[in-house]
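Enquirer: Sharing a structure with you now.
The values are calculated or read from the model by the stated rules, or taken from the named source; none is laboratory data. What you see is a predicted model; the values in this text were computed from it and never measured. Neighbour counts run over all protein chains shown; Cβ positions are idealised from the backbone, glycine included. To get the accessible areas, we keep the full protein, side chains included, count just its heavy atoms, and leave off ligands, DNA and RNA. Shrake-Rupley method; radii C 1.70, N 1.55, O 1.52, S 1.80 Å.
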Amino acid sequence: MARTAAALHILVRTEAKAREVLEKLEKGAKFDQLAKRFSTCPSGRNGGDLGEFAKGAMVGPFDKAVFSCPLLKPYGPVKTRFGYHIIKVLYRR
């Protein structure tokens, strides 16, 4: 079982906005550019890059998604107390 992962994310306030961002990604928009434009998380400035983190380090629903969703494919929306996330997992170890 993976114990660490690296992921990008885009955090927005509403599910509707998260679905809009996901649709743009599915049409070929670049993840990092959308993160810089739409994400309310400070990581947005870095294209949504959260770096590598340990399992259990993130809030429950986010953590569960990161360690179970497909790799390298935008996934979401995932609701947490911070808002709605679109997640792209780069790798799991």
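Enquirer: What is the local net charge at THR4, summed over the other residues whose Cβ is closer than 10 Å to its Cβ (Lys, Arg +1; Asp, Glu -1)? Kindly include the intermediate steps, with their values, before the conclusion.
Expert: Working: positive: ARG3, LYS55, ARG92, ARG93; negative: GLU52.
With Lys, Arg at +1 and Asp, Glu at -1, the neighbours total +3.
Enquirer: Next question, about the same structure. Just ARG13, ARG37, ARG81 to compare: in a GNM of the chain, with alpha carbon springs under 10 Å, which one fluctuates most?
Expert: So, out of ARG13, ARG37, ARG81, the one fluctuating most is ARG81.
Enquirer: Continuing with this model, one more query. Using a 1.4 Å probe over the heavy atoms of the protein chains, calculate the carbon and sulfur portion of the accessible area of the chain as a whole percent.
Expert: Values: 2740 of 5430 Å².
Carbon with sulfur: 50 percent of the solvent-accessible area.
Enquirer: Between the range 62-93 and the range 1-33, how many Å separate their Cα centres?
Expert: Spelled out, the Cα-based centre of one part sits 8 Å from the other.
Enquirer: Could you pull out every one of the lysines with an alpha carbon less than 16 Å from that of LYS24, ignoring same-chain neighbours closer than 8 positions?
Expert: The reachable lysines, counting only those whose Cα sits under 16 Å from LYS24, are LYS36, LYS73, LYS88.
Enquirer: What's the magnitude of the charge dipole for the chain around its Cα centre, counting Lys and Arg as +1 and Asp and Glu as -1 at the beta-carbon? Answer in Debye, nearest 20. Please list the in-between numbers first.
Expert: On the way: 18 positive and 8 negative charges, 7 e Å.
I would put it at about 40 debye.
Enquirer: Note the full-extension length gain between LYS55 and THR40 as 0.36 nm times their separation in residues minus their Cα-Cα distance, in nm to one decimal.
Expert: Details: separation 15, 0.36 × 15 = 5.40 nm, distance 2.30 nm.
Once the chain is fully extended between LYS55 and THR40, it gains 3.1 nm.
Enquirer: Please give, to one decimal in nm, the separation of the simple spin-label points placed at ARG81 and ARG13, each 7 Å out from Cα toward the Cβ.
Expert: That separation, rounded to one decimal, is 2.0 nm.
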